[in-house]
Amino acid sequence: MASSKASRRAGARRPRGRGGFLLGVALTCIFLPLPLAAQTGEPSPTELIESLLAGRDPVGGPFQLVDHAGRQRSDADYRGKLLVIYFGYTFCPDVCPTELQSISLALDALGPAAAAVQPLFISVDPERDTPARLADFVSSFHPQFVGLTGELAAIRKTALAYKTFFARHRTASPNYPVDHTGFVYLVGKDGRYRGFLPPGSSPQDIST
Ligand code: NI
């Protein structure tokens with residue numbers, strides 16, 4: 001419905017009352033003690049989330065990544081589509097699969113209108129998320145999904161542009177977790193950022 005759509009999309013600019021709630025929800029995927037994050041010289045998850053909620057700084061912008069077929073891709077390749085962007089990783093035990101499932105159900109609910117939408121899954125774990133692995137992962141959710149990976153620096157730049165925090169756990173185990181914030185970003189057909197949806201949004205929230 002138009003009214004709820006307008007209020008939700010306006011969330012980035014009017015965080016009052018929802019800010020505390022969103023901060024709590026957004027950090028559910030985060031297990032890293034904040035002081036440790038601060039030592040790296042990167043913005044902390046709190047700083048990034050607050051920046052996103054306040055809506056003062058620009059969000060999004062150009063990216064250069066590699067898709068799940070191994071092709072170089074830039075944001076410009078997707079002009080003319082409404083982008084639904086989610087940052088995560090294929091080894092994520094629960095949160096990422098749940099979000100991708102919600103986005104997939106939202107696309108199904110749109111019916112033919114889903115053709116105007118391009119869902120993008122951007123890996124925050126390029127060490128393990130090869131194009132081949134991403135191809136298996138995204139195709140298990142929805143045929144329209146494009147998985148993007150690339151050099152860590154390119155991913156870091158893209159994530160920071162979207163105020164997404166991520167940090168891999170420094171452990172010798174090959175099953176290391178990667179902490180990350182879990183907003184769903186909407187980018188218009190003109191490439192301009194339109195707003196975000198909080199982690200845990202329902203398929204209905206996403207498709208309206
Ligand atoms: Ni995840």
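The values are calculated or read from the model by the stated rules, or taken from the named source; none is laboratory data. Bear in mind the structure is a predicted one, so any value in this text is a computation, not a measurement. Don't worry about glycine lacking a Cβ; one is built from the backbone with ideal geometry, like all the others, and counts go over all protein chains shown.
Restricting the range 130-149 to residues that are within 15 Å of the chain's Cα centre (by Cα) and outside any helix (DSSP H, G or I), which is surrounded by the fewest Cβ atoms within 10 Å (Cβ to Cβ)?
Val146
In the range 143-171, what count of residues is obtained for those that are without any contact (Cβ under 8 Å) to a residue 60 or more places away in the chain and under 14 Å from Cys96 (Cα atoms)?
1
Could you tell me which of the residues Ala153, Ala159 is within 14 Å of the ligand (Cβ to nearest atom), not in a loop (DSSP other than H, G, I, E, B) and not β-branched (Val, Ile, Thr)? Full working, then the answer.
Numbers: Ala153 fails: within 14 Å of the ligand (Cβ to nearest atom).
Every option except Ala159 fails the conditions.
Pick from the range 53-107 the residues that are over 16 Å from Ser123 (Cα atoms), modelled with pLDDT of 95 or more and of a type in the set (D, E, K, R): which of them is farthest from the ligand (Cβ to nearest atom)?
Among them, the one singled out is Arg79.
Yes/no per residue for (1) within 16 Å of the ligand (Cβ to nearest atom); (2) closer than 21 Å to Gln64 by Cβ; (3) not in a loop (DSSP other than H, G, I, E, B):
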| site | (1), (2), (3) |
| --- | --- |
| Arg170 | no, no, no |
| Asn175 | yes, no, no |
| Tyr185 | yes, yes, yes |
| Lys189 | no, yes, no |
| Gly195 | no, no, yes |
| Ser201 | yes, no, no |
